[in-house]
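Chemist: Take a look at the following structure, please.
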Amino acid sequence: MTLSFPRLPVPVALALVSVLAACPLQAADRDAAALPGDSLYQLDARAVDAHGRPLQWSDLAGRPQLVSMFYANCHLMCPLIIENAKAVQKQLPAASGARLGVAMVSLDPQRDTPAALGRVARDHRVPEDWRFLRPAIDDVRALASVLDVRYRFREDGSINHTSVLVLLDAQGRELARSEVEGIAPDPAFVEQVRLAVASSP
């Protein structure tokens, strides 16, 4: 189910997150300082991928990314999000499809183990370079905030959440977003992705 909420401007969301996450300058902070001020990668967040490899949220920098938040036990909207992202990538010219990163970030890291994320990737037959990420439990809310994904847990263990694909440029600035309502992607969003990939080094 898609929820509609007023959006926080990116600088406001980042400011809120930075207040919550204030800490002494470390390597990750120095890396983030090289990014633009409106980059979502300014957020210092940790994750592991479906292979159990640790990474920083800012490790996604370097090429345009399609990013969404989902959870493995979802059987309604999350499969549509994944299939919609696959459809976007398939509509890109063959030579440029590999220049677009795709990252699916779990809203439920307590249950979404790397093995569970790997099963989702296999079930949907996604390209090998897609990343299914299990963020640190303490970082989920901050990631949802900068991506403007609203969510809440229900009594039955399901999660009510915004169903959206977010397009980031190579430095983590939001370029576009598309509300997911089915498998077929929004043609205007596909064109924005195509332009982002074509203009990326």
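The values are calculated or read from the model by the stated rules, or taken from the named source; none is laboratory data. What you are looking at is a predicted structure, and each value in this text was computed from that prediction instead of being measured. Cβ atoms come from the backbone with ideal geometry, glycine included; neighbour counts cover every protein chain shown. Only protein heavy atoms, including side chains, enter the accessible area calculation; ligands, DNA and RNA are left aside. Shrake-Rupley method; radii C 1.70, N 1.55, O 1.52, S 1.80 Å.
Chemist: Would you confirm whether any residue within region 170-177 is part of a strand (DSSP E or B), closer than 30 Å to GLN110 by Cβ and open to solvent by less than 10 Å² (accessible area, probe 1.4 Å)?
Modeler: no
Chemist: Tell me the strands (runs of 3 or more DSSP E) entirely within region 33-152 that contain at least 3 residues that are open to solvent by less than 40 Å² (accessible area, probe 1.4 Å).
Modeler: Strands (runs of 3 or more DSSP E) meeting the threshold: 65-70, 101-106, 131-135.
Chemist: Could you list, in sequence order, the residues of region 178-201 that are farther than 19 Å from LEU92 by Cβ and assigned to a helix (DSSP H, G or I)? First the steps, then the outcome.
Modeler: As a first pass, look at region 178-201 and keep what is farther than 19 Å from LEU92 by Cβ: 179, 181-182.
Within region 178-201, none qualify.
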